[in-house]
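*Asks:* Below is one structure. I have some questions about it.
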Amino acid sequence: MGPGHPECPQRLAAIEDRLLITGVADALVHYEAPEASLSDIELAHDRMHVAALRGMSERLSEERAAGGPDYAQIDPDTALNVHSWKAALRAAGAALAATDAVLAGEIENAFCAVRPPGHHACRSKSMGFCLFNNLAVAARYALQRYRLQRVAVVDFDVHHGNGTEDILAGDPRALMVGIFQHPFYPYSGDRDPAPNMLNVPVPAYTRGMEIREIVKTLWLPRLEAFQPEMLFVSAGFDGHREDDLGQLGLNEQDYAWITARVKEVACRHAKGRIVSCLEGGYALGALARSVEAHLRVLADI
């Protein structure tokens, strides 16, 4: 995204280092992310939008070869470099490969350590550090290609997953439950959501115990009633109390607790099938520790 941008390569390096140091990496099966096909991307995104983003990437490559800029701005927060198109295809491809592996029974669940994130990417618009909506692409893929009847999306990023809502709103085969700081970027999610959206805006400085109570009293009854056949998690860790991009008060234990509740729903209704994708999380130490906590629950270690 450019020098000094919080959505930086060091995010994945911090996660990888933490998993190696703690030994968690040794307990995991590792997959290399393939590139998603454009036909699969277009399950969630408008074809003209995908073509425009590809054209923008190609123009940047041509201009850079002629001595032009290194980046093309999509919006004030979101930029492309010459590698971003391929990275975005692999980020979505990771979620698709994880979906394939989980539904084939090769693995029970998966975590996709990907950049760029995805949950702000709408059907026809890239924004908020996100190019393609990795999780929504995978959820639509599970519904369309595998003919699942019910999938649930759980989003605990500090920001509202407006892109995922834009793509899945009104689809009775999908239920999305989300919790996010409000008022806060992208300043949405609090007004007239579709019936298949359970949005829970919370004020700045809300702490972990209050978030747990919301999960227990609002999320879990809806998830239990819906009985999803597979769960997809937008795992944003920028609600951590050490993360300066948000003002929530979560910690690693809270993320582990939320993950455990989601996993219980998956075990009861979805044969344990979960695909989790990294979204936010920009305080590198807190991010790495939170992902470790998330993975320890998913992997039973």
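The values are calculated or read from the model by the stated rules, or taken from the named source; none is laboratory data. These numbers come from a predicted model, not from an experiment. A quick note on method: Cβ atoms are made from the backbone with ideal geometry, for glycine too, and the neighbour counts reach across all protein chains shown. Protein only, heavy atoms only, side chains kept; ligands, DNA and RNA dropped before computing areas. Shrake-Rupley method; radii C 1.70, N 1.55, O 1.52, S 1.80 Å.
*Asks:* Can you tell me which aspartates and glutamates have their Cα less than 17 Å from the Cα of residue 271? Leave out same-chain residues fewer than eight positions away.
*Replies:* Cross-link targets: 100, 106, 108, 224, 229, 300.
*Asks:* Which of the chymotrypsin sites (Phe, Trp or Tyr not before Pro) across region 152-226 are loop residues per DSSP, with 13 or fewer other Cβ within 10 Å? Can you show the working numbers first?
*Replies:* On the way: sites: 156, 180, 184, 187, 205, 219, 226; in loops: 156, 184, 187, 205.
When the chymotrypsin sites (Phe, Trp or Tyr not before Pro) of region 152-226 are filtered for loop state and at most 13 Cβ neighbours within 10 Å, 187, 205 remain.
*Asks:* Treating cross-link reach as a plain straight distance, find the lysines whose alpha-carbon is under 21 Å from the alpha-carbon of residue 86, omitting any fewer than eight places away in the same chain.
*Replies:* List returned: 125.
*Asks:* Would you work out which of 104, 301, 164 lies farthest towards the positive end of the dipole of the chain, given +1 charges on the beta-carbon of Lys and Arg and -1 on that of Asp and Glu, about the Cα centre?
*Replies:* 104
*Asks:* Then there is this: How fast does region 84-184 diffuse by Stokes-Einstein, in µm²/s, taking the Kirkwood radius from C-alpha pairs at 10 °C and 1.306 mPa s?
*Replies:* 114 µm²/s
*Asks:* Report the relative contact order of region 149-243, percent, no decimals, based on alpha-carbon pairs under 8 angstrom and at least 6 residues apart. Mind dumping the intermediate values first?
*Replies:* Working: 150 pairs, mean separation 38.8, N = 95.
That works out to 41 percent.
*Asks:* May I ask for the distance between the Cα centers of region 111-183 and region 72-89, given as a whole number of Å?
*Replies:* If we compute the Cα centre of each part, the gap is 19 Å.
*Asks:* For the Cα atoms of the chain, what angle does the longest principal axis make with the long axis of helix 134-145, in degrees from 0 to 90, nearest 10?
*Replies:* 70 degrees
*Asks:* So what's the back-of-envelope 222 nm ellipticity for the chain, counting only DSSP H runs of four-plus at -39500 (n - 2.57) apiece and dividing by all residues, rounded to 500?
*Replies:* Working: 10 runs with 123 residues, N = 301.
That comes out to -13000 deg cm²/dmol.
*Asks:* Assigning unit charges at the beta carbon (Lys, Arg +1; Asp, Glu -1) and nothing else, what dipole magnitude in debye, to the nearest 20, does the chain show about its Cα centre? Could the numbers behind the result be given before it?
*Replies:* Numbers: 29 positive and 39 negative charges, 141 e Å.
About 680 debye.
*Asks:* With the crude spin-label approximation of a point 7 Å out along Cα→Cβ, what separation in nm comes out for residue 267 versus residue 171?
*Replies:* For residue 267 paired with residue 171, the spin-label model returns 2.8 nm.
*Asks:* Follow-up. Output the antiparallel fraction of DSSP beta bridges having both residues in region 151-239, as a percent to the nearest 5. Mind showing how you got there, number by number?
*Replies:* Details: 0 of 16 bridges.
In region 151-239, DSSP labels about 0 percent of beta bridges as antiparallel.
*Asks:* On the protein heavy atoms, probe 1.4 angstrom, tell me the percent of accessible surface of the chain carried by carbon and sulfur.
*Replies:* Numbers: 6430 of 12490 Å².
Here it works out to 51 percent.
*Asks:* Choose one of 85, 28, 152: the residue whose Cα lies farthest towards the positive end of the charge dipole of the chain (beta-carbon charges +1 Lys, Arg; -1 Asp, Glu; about the Cα centre).
*Replies:* Farthest towards the positive end: 152.
*Asks:* Between the alpha-carbon centers of region 261-301 and region 185-231, tell me the distance in whole angstrom.
*Replies:* 17 Å
*Asks:* Please list, in order along region 71-87, the HN-Hα scalar couplings obtained from phi with the Karplus expression 6.51 cos²θ - 1.76 cosθ + 1.60 (θ = phi - 60°), rounded to whole Hz, x for Gly and Pro.
*Replies:* Those phi angles translate into 9, 10, 7, 8, 8, x, 9, 10, 9, 10, 10, 5, 9, 5, 4, 5, 4 Hz.
*Asks:* Under the rule of at least 5 residues apart or a separate chain, name every residue whose amide H is placed under 5 Å from the amide H of residue 46.
*Replies:* It is 124, by chain and number.
*Asks:* On to the next question. Across region 121-237, how large is the tail of the calculated P(r) beyond 23 Å, expressed as a percent of all Cα pairs?
*Replies:* Working: 1636 of 6786 pairs.
I get 24 percent for the Cα pairs in region 121-237 exceeding 23 Å.
*Asks:* I'd like to check one number: the per residue accessible area of the chain, probe 1.4 Å, reported in Å² as a whole number. Could the numbers behind the result be given before it?
*Replies:* Working: 12490 Å² over 301 residues.
With all protein chains present, the chain gives 41 Å² per residue.
*Asks:* Please give the FRET efficiency for residue 104 paired with residue 241, using the beta carbon to beta carbon distance and R0 = 51 Å, rounded to the nearest 0.05.
*Replies:* Between residue 104 and residue 241 the formula returns 0.85.
*Asks:* Express in nm, to one decimal, how much length is gained between residue 27 and residue 47 on full extension, taking 0.36 nm for each residue of separation and deducting their alpha carbon distance.
*Replies:* Details: separation 20, 0.36 × 20 = 7.20 nm, distance 3.95 nm.
Length gained between residue 27 and residue 47: 3.3 nm.
*Asks:* Can I ask one more? Using the scaling law 2.2 N^0.38 Å as the reference, what is the normalised Cα Rg of region 58-137?
*Replies:* Numbers: Rg = 14.9 Å, N = 80, 2.2 N^0.38 = 11.6 Å.
Normalised Cα radius of gyration, region 58-137: 1.28.
*Asks:* Ordering 209, 230 by how much accessible area each has at a 1.4 Å probe, largest first, what is the list?
*Replies:* From most accessible down to least: 209, 230.
*Asks:* In Å, the Kirkwood hydrodynamic radius of region 218-301 over pairs of distinct alpha carbons? Please list the in-between numbers first.
*Replies:* Numbers: mean 1/r = 0.0759 Å⁻¹.
Hydrodynamic radius (Kirkwood, Cα pairs) of region 218-301 is 13.2 Å.
*Asks:* If one takes the longest principal axis of the Cα atoms in the chain, at what angle in degrees, from 0 to 90 and to the nearest 10, does the Cα axis of helix 252-269 lie?
*Replies:* 70 degrees
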